[in-house]
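Asks: Handing you this structure, nothing more for now.
The values are calculated or read from the model by the stated rules, or taken from the named source; none is laboratory data. Since the model is a prediction, treat every value here as computed from it, not as a measurement. As a convention, Cβ positions derive from the backbone with ideal geometry for all residues, glycine included, and neighbour counts pool all protein chains shown.
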Amino acid sequence: MPSVIVTGGSRGIGAAVCRLAARDGWDVCVNYTSDAVAAAKVVAAVQAAGRQAVAVKADVADPDEVAALFDTAEAALGPITGLVNSAGITGRAAPLAQTDASTIVRTIDINLTGTLLCCREFARRIGGPGGGRQTGAIVNLSSAAATLGAPGEFVWYAASKGAIDSLTLGLAKEVGPSGLRVNAVAPGLIETEIHAAAGVPDRVARLSSQVPLGRAGSAEETAEPIVWLLSPAASYVSGAILRVGGGR
């Protein structure tokens, strides 16, 4: 059975990916950083759908913890054939000039370095030298902010997501000959707890009128194309950056 690691799988888009992946027949490793209770609820939802699941605490910015994440996932679920890099933070909304250096560094560590380390670990295990041609898929979480820039709010976050786009394009070319596909989904304005965590709980209501479809999206609406990109239905899709932003 196919198995997928979802980083940041205890909340928001990541949790929705876990649930929908289970619906579509995937066993799931739910990665989390601090909220074990939330991760356990996602594991229960996956199991209720008839799939195997395990929750693994790991900081994706730490290479040793990333290696341990994959070890634990493989021991519980068998070979991992899918990876969704959903772990991400913004820090508090503010102009760049008013933002602490620690916020910038931590955002880059989680959003970019963490994605790089997880992609590296996955490529080593499923498509590394001597591994032969195998089938596997990575979906990275970009953001519409990569092209909108998020001025006055999160320009450092936008920069981290622009780098995710570059990573996705380059890695797709690098590992494609091994049979691995790499794509990204770039969500727009999505209703998750990330806005409140950034200190702007009214952000969705304030910006919804800027979306051509006239509303914010849901975590499930974002998770659907992510799970599709993991699937055999997307077998000839690699190096794509799919915007899921209601036209914005």
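Asks: Considering each of GLY114, GLY91 in turn, give the residue that is in contact (Cβ under 8 Å) with a residue 24 or more places away in the chain, in contact with a helix residue (DSSP H, G or I) (Cβ under 8 Å, 6 or more places away or on another chain) and either over 22 Å from VAL28 (Cα atoms) or outside any helix (DSSP H, G or I) (or both). Talk me through it step by step, then tell me what you get.
Replies: On the way: GLY114 fails: either over 22 Å from VAL28 (Cα atoms) or outside any helix (DSSP H, G or I) (or both).
Of GLY114, GLY91, the one residue that is in contact (Cβ under 8 Å) with a residue 24 or more places away in the chain, in contact with a helix residue (DSSP H, G or I) (Cβ under 8 Å, 6 or more places away or on another chain) and either over 22 Å from VAL28 (Cα atoms) or outside any helix (DSSP H, G or I) (or both) is GLY91.
Asks: Out of all the residues in the range 207-227, is one or more part of a strand (DSSP E or B) and either among the small types (Gly, Ala, Ser) or more than 15 Å from the chain's Cα centre (by Cα) (or both)?
Replies: yes
Asks: A further question on this structure: Exactly one condition in (1) modelled with pLDDT under 95; (2) under 16 Å from ASP59 (Cα atoms) is false for ARG120; which is it?
Replies: So the condition that ARG120 fails would be (1).
Asks: Oh, and also: What single numbered condition from (1) surrounded by fewer than 20 Cβ atoms within 10 Å (Cβ to Cβ); (2) part of a loop (DSSP other than H, G, I, E, B); (3) not acidic (Asp, Glu) fails to hold for ALA97?
Replies: (2)
Asks: Counting only residues that are among the polar types (S, T, N, Q) and either in a strand (DSSP E or B) or over 18 Å from the mean Cα position of the chain (by Cα) (or both), which one in the range 153-188 is surrounded by the fewest Cβ atoms within 10 Å (Cβ to Cβ)?
Replies: Checked the range 153-188; the qualifying residue surrounded by the fewest Cβ atoms within 10 Å (Cβ to Cβ) is SER178.
Asks: Starting from the range 69-86, take each residue that is assigned to a helix (DSSP H, G or I) and list its partners that are among the small types (Gly, Ala, Ser) and surrounded by fewer than 24 Cβ atoms within 10 Å (Cβ to Cβ), counting only C-beta distances under 8 angstrom and pairs at least six apart or across chains.
Replies: Filtered contacts from the range 69-86: ALA73/SER3; LEU77/SER3.
Asks: Checking GLY25 against (1) out of contact with any helix residue (DSSP H, G or I) (no Cβ under 8 Å at 6 or more places or on another chain); (2) over 27 Å from LEU180 (Cα atoms), which test does it fail?
Replies: (2)
Asks: If you don't mind, another one. How many residues are small (Gly, Ala, Ser) and under 15 Å from ALA16 (Cα atoms) when one looks only at the range 200-248?
Replies: Of the residues in that region, 4 qualify.
Asks: Given the conditions (1) touching a Phe, Trp or Tyr at 6+ places or on another chain (Cβ under 9 Å); (2) modelled with pLDDT under 95; (3) surrounded by 20 or more Cβ atoms within 10 Å (Cβ to Cβ), which single one is not true for THR192?
Replies: Here THR192 meets the rest and fails (1).
Asks: Out of (1) within 13 Å of the chain's Cα centre (by Cα); (2) hydroxyl-bearing (Ser, Thr, Tyr); (3) more than 16 Å from CYS29 (Cα to Cα), the odd one out for SER86 is which?
Replies: Among (1) within 13 Å of the chain's Cα centre (by Cα); (2) hydroxyl-bearing (Ser, Thr, Tyr); (3) more than 16 Å from CYS29 (Cα to Cα), SER86 violates only (3).
Asks: Of the residues in the range 73-94, how many are over 17 Å from ALA196 (Cα atoms) and either crowded, with 17+ Cβ neighbours inside 10 Å or of a type in the set (Ser, Thr, Tyr) (or both)?
Replies: Matching residues across the range 73-94 total 9.
Asks: Same structure, new question: Would you confirm, using the coordinates I've provided, whether SER209 is surrounded by 14 or more Cβ atoms within 10 Å (Cβ to Cβ) and either in contact with a Lys or Arg (Cβ under 9 Å, 6 or more places away or on another chain) or not hydrophobic (A, V, I, L, M, F, W, C) (or both)?
Replies: Taking the combined requirement at face value, the residue does not satisfy it.
Asks: Ok, one more. Scan the range 32-52 and report the pairs whose first residue is under 15 Å from THR72 (Cβ atoms) and whose second residue is part of a helix (DSSP H, G or I) and modelled with pLDDT of 95 or more, with Cβ atoms within less than 8 Å and a gap of 6+ or a chain change.
Replies: Close Cβ pairs satisfying both conditions: TYR32/ALA38; TYR32/ALA39; GLN52/VAL46; GLN52/ALA76; GLN52/LEU77.
Asks: If a residue must be under 24 Å from GLY217 (Cβ atoms) and in a strand (DSSP E or B), how many such residues does the range 6-49 contain?
Replies: Qualifying residue count, the range 6-49: 6.
Asks: Are any residues in the range 94-111 free of Cβ contacts under 8 Å to residues at least 24 places away in the same chain and among the aliphatic types (A, V, I, L, M), and if so, which ones?
Replies: Answer for the range 94-111, where residues must be free of Cβ contacts under 8 Å to residues at least 24 places away in the same chain and among the aliphatic types (A, V, I, L, M): ALA97, ALA101, VAL105.
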